[in-house]
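Student: Pasting a structure below so you can have a look.
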Amino acid sequence: ADGLAAVTQARSLRPDVVLMDVRMPGIDGIEATKRIVADPACADTRIIVLTTFELDEYVFDALRNGASGFLLKDTRPDELVRAIHVVASGAALLAPTVTRRVISEFTSRPTRMPRPHPQLDTLTSREREIVALVGEGLTNDEIAARLVVSPATARTHVSRAMIKLGVRDRAQLVVLAYESGLV
């Protein structure tokens, strides 16, 4: 019914995936996402923001606040089911039009001083390299091929970097890579 109810239900039910609307009474879906992600009881819960509003501020705020996906309400039912499975598996997903806009936004921005993440220094040089490649949009298999390592090794490096940096999924890792100037 509203954002606070979404937070309460997520704490109570501990779902694998929450479909979160942006505009709701009380607190909005972005704030509800932030609260769910911050709650230790919901550590394994992933959030897909599902909205009719494809505004850049919603996309960036949702990703910064822990959403693992961003889809529009006109997404076909079969695509929505696939997205739920993708996000439940730990991956991230953006609507195709949103992906194009995110890429366009990042590439058209004037160069700004990166804000390195405070935990970036805890990464090994290989992990930093891996984070940069994730920021470029490469999959674990593509990273493995580029670095001539096994996919399992690439997956391990990605996982360790995510743990050290305190990010929940690849979407947050991509944002961090851009904001830290690795990409």
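Each reported figure results from applying straightforward, stated rules to the coordinates on display, with no laboratory input. Just so it is clear, the structure is predicted and the values come from calculations on it, not from any experiment. Don't worry about glycine lacking a Cβ; one is built from the backbone with ideal geometry, like all the others, and counts go over all protein chains shown.
Student: Quick one: 3J(HN,Hα) in Hz for segment 166-183, Karplus 6.51/-1.76/1.60 with θ = phi - 60°, rounded, Gly and Pro as x.
Tutor: Here the 3J(HN,Hα) series is x, 9, 8, 7, 5, 4, 5, 5, 5, 4, 4, 4, 5, 5, 8, x, 7, 10 Hz.
Student: Measure nothing but the geometry: give the 0 to 90° angle between the long axis through the Cα atoms of 151-165 and the longest principal axis through the Cα atoms of the chain, rounded to 10°.
Tutor: Its long axis makes an angle of about 70 degrees.
Student: Which whole-number percent gives the relative contact order of the chain, counting Cα pairs below 8 Å spaced six or more residues apart?
Tutor: With pairs under 8 Å counted, the relative contact order is 19 percent.
Student: Roughly what % of DSSP beta bridges within the chain run antiparallel, to the nearest 5? Don't skip to the end; give the middle numbers.
Tutor: Details: 0 of 10 bridges.
That works out to approximately 0 percent antiparallel.
Student: Could you derive backbone 3J(HN,Hα) for segment 63-77 from the dihedral phi with the Karplus parameters 6.51, -1.76 and 1.60 (θ = phi - 60°), listing whole Hz in sequence and x where the residue is Gly or Pro?
Tutor: 5, 4, 9, x, 5, 9, x, 9, 10, 8, 5, 8, 4, 5, x
Student: Quick one: which residues, 5 or more positions from L50 or on another chain, have an amide H under 5 Å from its amide H? H modelled 1.01 Å from N in the peptide plane, none for Pro or chain starts.
Tutor: Correct list: M20, D21, V22, L71.
Student: Can you figure out the FRET efficiency of S150 with T122, using R₀ = 22 Å and their beta-carbon distance, to the nearest 0.05?
Tutor: On the way: r = 24 Å, r/R0 = 1.08.
The pair S150/T122 has a calculated efficiency of 0.40.
Student: Using only DSSP helix segments of four residues or longer, with each worth -39500 (n - 2.57), what per-residue ellipticity at 222 nm results for the chain after dividing by its residue count and rounding to 500? It would help to have the intermediate numbers written out before the result.
Tutor: On the way: 9 runs with 99 residues, N = 183.
Taking each H run of at least 4 residues, the total per residue is -16500 deg cm²/dmol.
Student: With labels modelled as points extended 7 Å from the Cα through the Cβ direction, what inter-label distance (nm, one decimal) is found for E142 paired with A38?
Tutor: Calculated label separation equals 3.4 nm.
Student: So how far, in whole Å, is the C-alpha centre of segment 133-183 from the one of segment 4-82?
Tutor: One Cα centre to the other: 23 Å.
Student: Right, something else. Given H placed on each backbone N at 1.01 Å, which residues far from L93 in sequence or on other chains put an amide H within less than 5 Å of it?
Tutor: Result for L93 returns G69, F70.
Student: For P(r) over Cα pairs in 10 Å bins from 0, in percent, one of [x] 9, 25, 21, 16, 14, 8, 3, 2, 2, 0; [y] 9, 36, 37, 16, 2, 0; [z] 9, 30, 28, 18, 10, 4, 0 was computed from the structure I shared and the rest are decoys. Which label?
Tutor: Read-out from the structure maps to [y].
Student: Now for a different question. Between the helical axis of 3-13 and the dominant principal axis of the chain, each derived from Cα atoms, what acute angle in degrees is found, rounded to the nearest 10?
Tutor: Its long axis makes an angle of about 70 degrees.
Student: Express the relative contact order of segment 133-183 as a whole percentage, based on alpha carbon pairs under 8 Å and six or more residues apart in sequence.
Tutor: Numbers: 36 pairs, mean separation 23.0, N = 51.
Reported relative contact order: 45 percent.
Student: Then there's this: Can you pull out the trypsin sites (Lys or Arg not before Pro) in segment 9-98 whose DSSP state is coil and whose Cβ has at most 14 other Cβ atoms within 10 Å?
Tutor: Working: sites: R11, R23, K34, R35, R46, R64, K73, R82; in loops: R23, K73.
Within segment 9-98, the qualifying trypsin sites (Lys or Arg not before Pro) (loop, at most 14 other Cβ atoms within 10 Å) are R23, K73.
Student: How tilted is helix 125-135 with respect to the longest principal axis of the chain? Cα atoms for both, answer in degrees (0 to 90, nearest 10).
Tutor: 50 degrees
Student: Additional query: Report, by chain and number, residues whose modeled amide H sits under 5 Å from the one on V17, excluding near sequence neighbours (fewer than 5 apart, same chain).
Tutor: It is R46, by chain and number.
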